[in-house]
Amino acid sequence: MTAEYKVHGNVAVITLANPPVNGLGLSTRQGIVDGLEQANADGAVKSIVITGAGGAFSGGADIKEFGTDKAMQEPNLNSVIAAIENSDKPVVAAIHSVAMGGGLELALGCHYRVAAPGCSVALPEVKLGILPGAGGTQRLPRVIGVEPALNMIVSGEAIKSEMLAMLPGQKLFDKLVDSPEALAAEALAFAQSVADVRPMPLVRNLPCKHPEGDAYFQFARNMVKGMSKNFPAPAKCVDAVEAATKKKFADGLATEREIFINLMWTAESRSLRHLFLAERAASKIPDVPSDTPKRDIKAVAVIGAGTMGGGIAMNFLNAGIPVKMLEMKQEALDRGIATIRKNYEAQVAKKKLKQDKYEQRMALLSTTLSYDDLKDADLVIEAVFEEIGVKEAVFKQLDAVMKPGAILASNTSTLDVNKIANFTQRPQDVVGLHFFSPANVMKLLEVVRGAATAKDVLATVMAMAKKIKKTAVVSGVCDGFIGNRMIEQYSRQAGFLLDEGCTPAQVDKAVEKFGFAMGPFRMGDLAGNDIGWAIRKRRAIEQPGMKYSKTADLLCEKGRYGQKTGAGWYDYVPGKRDAIPNAEVVKMIEDHRASLGITPRKISDEEIVQRLVFSLVNEAAYILEEGIANKASDIDVVYIFGYGFPVHRGGPLNYANEVGLFNVVQAMKRFAKNPLDDAAFWKPAPLLAKLAAEGKNFQ
Ligand code: T1G
């Protein structure tokens, strides 16, 4: 049982013990109910305390149970809370560290709540595409007021217990103790002090009104409209809280329950729950035990003070880790430092960073022109020119100067990490750390595992990624690793669509309607079309015969690299990001099409989206069966955090599962019949074909 029962004097203490966060899974729920029964049956017991072991009171319902019959199995959370409210003896919640979701709802069902300071209190269900389903939308407004409650429920954000305790007239906490250490004893004392108080207070009996209800909820609906694009839950939160102000408690609870169950079965919620677990699962490497010893990373060196090097350095400065930056020339260093300063000063100006924090971070940054000065760094990351010869020179230098045990990392985005490792005598200490630009902003970090990369190096960099607030995904070595290898196919399809009859704007609009922030052509203009141009030139040598549309090359030959040259697939007005369609580009595409003897055809948005997204799916299936990615959810994490795949779709493979792999394969068979496409590419990867034939999903 994951809830312990112990009697202290005449107080029974039920302790939730379901690590890591006391998720309210079935056995924990059963443990609470059993404890309540035992306490109510014991004449020596006068009052009851519920608390959580370890680092949380409770992180809420057990997300891992969702979608299984355990989640709804009695006693469900509403039944547990009813058992608390119907207890003959007062129940006191002793809250500390984390009280979230169902955990907070459990506490709201108690007669009293004693809290420690520093506890993160939240109803974050909206972040999972649902809303509080055990009375949170009905009880929280009754203890902190309608507006603060709705703000918490719609945002899902955590607020510290001491802040909530300051809300005027709040009835959330009956007592805020001085420190977490004092909680256990003070909760026991409080429970003794209320043992004979009757009637026992119930949150459900408190009034819940808003003086200008209709006007306020109309305002609230307007406010959530912006955040509700693609997500139904925020607007439903407003409906549930409004019900709390207009209906009797039991009816309001029924309204909440109905909305909760409906939202639970939406594709959006399945996607968000999938991503919640996927992001955390990404940090687990099948053959690297979680207790693998990690190397200390106390000092970092970054080679290259360009855009990437500067952004990479900022991640470590932000985490309080000193960085030494090396460049070949002083003016390059000066430029790099100036860029870092500019980035921080912009954050200070927007009040996103305090001046003293900015100065602290800059104080951690030092520069040098000499490799010898790097020798004491625990981790060095090179972010130099993406050319294997340059990497070779850098890694030979590093091998000569870095102390034994230092980790040597390359920020390469496509080059062979095994080759790079073999430029050194210590390939076991070499790893790829592929940051995404802008490196100080993008959450994704591809950790590229070389054939020789040591397990403790992997464990170290995965822990380091969490420290610098990156979502790290392990990739094997192949051209483009996970993300860039897949985007290659996506870009090829985008080019074929132009040859066959689309304009850049039509493709981008279809993909943006699907949910991408940017279609492939706007994205090319942002990243720089010359990057893809260079890769295609390299590919033409390494993989002759790979079929591409020539349009992107024709565009680059006109110097239209994108925003950086003021013009790409679109035109740009200086200082603005609006993509303005350009008639010459459209004509260039039409002329090229005519030169190929292609008669343009009308292509539906559905076909555009399917060809672009399913090209990601097929390439991902190859990546999985080659072992480049450890699991399907890792690939979804890469695409959500690094390539702007729409969150409400859960990632390319989650989306393929939602569509049905049989249907994906059927669509691919249609695409393979198109002579202007790449029929060979549309042969389903063996893994995809197998799963589709067996009616299974990517796991
Ligand atoms: N259920 C199951 N596992 C959970 C969990 C949960 N609610 N919360 C965290 N974990 C696991 C997580 O998967 C990871 O596991 C480990 O704990 C550490 O998580 C009826 C229906 C609590 C602030 O949305 O926000 O209640 O990878 O890396 O940074 O209305 O976890 O080690 O195997 O995030 O210290 C509502 C979600 C549920 C809270 C801790 N509750 N959790 O952060 O650690 S729905 C939530 C968090 C609900 C009711 C409804 C955070 C945290 P593993 P972590 P952390």
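The values are calculated or read from the model by the stated rules, or taken from the named source; none is laboratory data. In this text the structure is predicted, and so the values were computed from the model without any measurement. Note that each Cβ is placed from the backbone with ideal geometry, even for glycine, and that neighbours are counted across all protein chains shown.
Quick look at the values:
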| read-out | value |
| --- | --- |
| The listed residue being assigned to a loop (DSSP other than H, G, I, E, B), surrounded by fewer than 17 Cβ atoms within 10 Å (Cβ to Cβ) and in the same structural domain as residue 337 (by TED's automatic domain parsing), out of 357, 351, 396 | 351 |
| Residue in region 105-112 that is within 30 Å of the chain's Cα centre (by Cα) and farther than 30 Å from residue 650 by Cβ present | yes |
| From 251, 214, 239, 287, residue being under 15 Å from residue 126 (Cα atoms) and surrounded by fewer than 21 Cβ atoms within 10 Å (Cβ to Cβ) | 239 |
| Residue within region 669-681 that is surrounded by fewer than 24 Cβ atoms within 10 Å (Cβ to Cβ), out of contact with any helix residue (DSSP H, G or I) (no Cβ under 9 Å at 6 or more places or on another chain), of a type in the set (D, E, K, R) and farther than 30 Å from residue 126 by Cβ present | yes |
| Which numbered condition residue 70 misses (of (1) crowded, with 17+ Cβ neighbours inside 10 Å; (2) within 13 Å of the ligand (Cβ to nearest atom); (3) free of Cβ contacts under 8 Å to residues at least 60 places away in the same chain) | (1) |
| Unique residue being on the phi < 0 side of the Ramachandran plot, out of contact with any Lys or Arg (no Cβ under 6 Å at 6 or more places or on another chain) and within 16 Å of the ligand (Cβ to nearest atom) when the list is 46, 64 | 64 |
| Counted residues, region 625-642 - those being within 22 Å of the chain's Cα centre (by Cα), assigned to a helix (DSSP H, G or I) and surrounded by fewer than 23 Cβ atoms within 10 Å (Cβ to Cβ) | 1 |
| Search result, residues across region 17-35 that are within 14 Å of residue 77 (Cα to Cα) and of a type in the set (A, V, I, L, M) | 24, 26, 32, 33 |
| Wholly enclosed helices (runs of 4 or more DSSP H) of region 115-209 bearing at least 3 residues assigned by TED's automatic domain parsing to the domain that holds residue 51 and buried (at least 17 other Cβ atoms within 10 Å of the Cβ) | 136-144, 146-155, 183-193 |
| Pairs where the first residue, in region 275-304, is touching a residue at least 24 places away in the same chain (Cβ under 8 Å) and over 30 Å from residue 366 (Cβ atoms) and the second is within 12 Å of the ligand (Cβ to nearest atom) and part of a strand (DSSP E or B), C-beta under 8 Å, 6+ apart | 279/471; 282/471 |
| Residue 124 vs. criteria within 16 Å of the ligand (Cβ to nearest atom), at pLDDT 95 or above and of a type outside the set (A, V, I, L, M, F, W, C) | yes |
| Unmet criterion (only one of (1) closer than 30 Å to residue 409 by Cβ; (2) modelled with pLDDT of 95 or more) for residue 534 | (2) |
| Residue in region 254-286 that is nearest to the ligand (Cβ to nearest atom), counting only those that are touching a helix residue (DSSP H, G or I) at 6+ places or on another chain (Cβ under 9 Å) and basic (Lys, Arg) | 284 |
| Selection status of residue 310, farther than 19 Å from residue 462 by Cβ, buried (at least 19 other Cβ atoms within 10 Å of the Cβ) and within 24 Å of the chain's Cα centre (by Cα) | yes |
